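Asker: What follows is a structure written as structure tokens; I'll ask about it next.
The values are calculated or read from the model by the stated rules, or taken from the named source; none is laboratory data. Please read these numbers as outputs of a predicted model, since none were measured by experiment. Cβ placement follows ideal geometry from the backbone for every residue including glycine, while neighbour counts extend to all protein chains displayed. We work out accessible area using only protein heavy atoms, side chains counted, and drop any ligands, DNA or RNA first. Shrake-Rupley method; radii C 1.70, N 1.55, O 1.52, S 1.80 Å.
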Amino acid sequence: KAGVTQTPRYLIKTRGQQVTLSCSPISGHRSVSWYQQTPGQGLQFLFEYFSETQRNKGNFPGRFSGRQFSNSRSEMNVSTLELGDSALYLCASSPSGYRTDTQYFGPGTRLTVL
Amino acid sequence: DAKTTQPPSMDCAEGRAANLPCNHSTISGNEYVYWYRQIHSQGPQYIIHGLKNNETNEMASLIITEDRKSSTLILPHATLRDTAVYYCIVRVGDTDKLIFGTGTRLQVFP
């Protein structure tokens, strides 16, 4: 099976712009989660989607949003970019999010905000 | 907040066993312990998970104490490619929300 794929892999934006990142989960996986990784804060949970519904949300401002499509693919959007949004954005998928379901991570999208 | 405590760094000689400890003293009876590792700037890689019994797979072994308040990840024959940050995570509930702590940076040296 193909792994979790994320596009684009690298992105450079300027402050005030918005950005959309895409994640394709492993085939058959219905739960998709997003994480932000920065040197200062480490790996932080952003949100989780299951069957097109947001099931969990981390402690991030409303500028961070996401959605999931009927084929389980997911996108996350960051509006009005700030310098502090520069980070590695990771997507992970699992079959259903059950406690024994293993999450598999994609390679990430490296976002740089200038 | 992370429910686990790990040493910030450890060293291990190539070919020797690497034993990475994790404390999770507030773990509940139905919460699983998961281990992931992250090699520089790549996505975290799943290693192993367990509830209360010891577990082994092709990558590692997981030893959970009887009271479940701590566990140890064992890489039986460490190689240079095992150099990474290792995260011990307590999985809370039936969601994919993982709370990562700061992990243990394992350095394997020749």
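Asker: For the stretch A:55-69, which positions are open to solvent by 50 Å² or more (accessible area, probe 1.4 Å) and within 18 Å of A:Asp101 (Cα to Cα)?
Answerer: A:Arg55
Asker: Sticking with this structure for a sec: Residues that are surrounded by 13 or more Cβ atoms within 10 Å (Cβ to Cβ) and at the interface with another protein chain (Cβ under 10 Å from one of its Cβ atoms): find the strands (runs of 3 or more DSSP E) completely inside the stretch B:17-110 holding 3 or more of those.
Answerer: Because the criterion is at least 3 residues that are surrounded by 13 or more Cβ atoms within 10 Å (Cβ to Cβ) and at the interface with another protein chain (Cβ under 10 Å from one of its Cβ atoms), the strands (runs of 3 or more DSSP E) in the stretch B:17-110 that meet it are B:32-38, B:45-50, B:84-91.
Asker: A:Leu111 passes all but one of (1) more than 10 Å from every other protein chain (Cβ to nearest Cβ); (2) open to solvent by 20 Å² or more (accessible area, probe 1.4 Å); which number fails?
Answerer: (2)
Asker: While we're on this one: Restricting attention to the stretch A:46-57, does a residue exist that is within 14 Å of another protein chain (Cβ to nearest Cβ) and over 20 Å from B:Gly93 (Cβ atoms)?
Answerer: no
Asker: Further question: Looking at (1) in contact (Cβ under 8 Å) with a residue 40 or more places away in the chain; (2) of a type outside the set (Val, Ile, Thr); (3) not in a strand (DSSP E or B), which one does A:Gly40 not meet, given that it meets all the others?
Answerer: Among (1) in contact (Cβ under 8 Å) with a residue 40 or more places away in the chain; (2) of a type outside the set (Val, Ile, Thr); (3) not in a strand (DSSP E or B), the lone unmet condition for A:Gly40 is (1).
Asker: Continuing with this model, one more query. Checking A:Ile12 against (1) more than 14 Å from the chain's Cα centre (by Cα); (2) assigned to a loop (DSSP other than H, G, I, E, B), only one condition comes out false. Which one?
Answerer: Here A:Ile12 meets the rest and fails (2).
Asker: Now for a different question. Checking A:Leu81 against (1) part of a loop (DSSP other than H, G, I, E, B); (2) without any contact (Cβ under 8 Å) to a residue 60 or more places away in the chain; (3) buried (at least 16 other Cβ atoms within 10 Å of the Cβ): exactly one of these is not met. Which one?
Answerer: With respect to (1) part of a loop (DSSP other than H, G, I, E, B); (2) without any contact (Cβ under 8 Å) to a residue 60 or more places away in the chain; (3) buried (at least 16 other Cβ atoms within 10 Å of the Cβ), A:Leu81 is out only on (2).
Asker: Looking at A:Ile26 and the list (1) in a loop (DSSP other than H, G, I, E, B); (2) in contact with a strand residue (DSSP E or B) (Cβ under 8 Å, 6 or more places away or on another chain); (3) open to solvent by 80 Å² or more (accessible area, probe 1.4 Å), which single condition is not satisfied?
Answerer: It is condition (3) that A:Ile26 fails.
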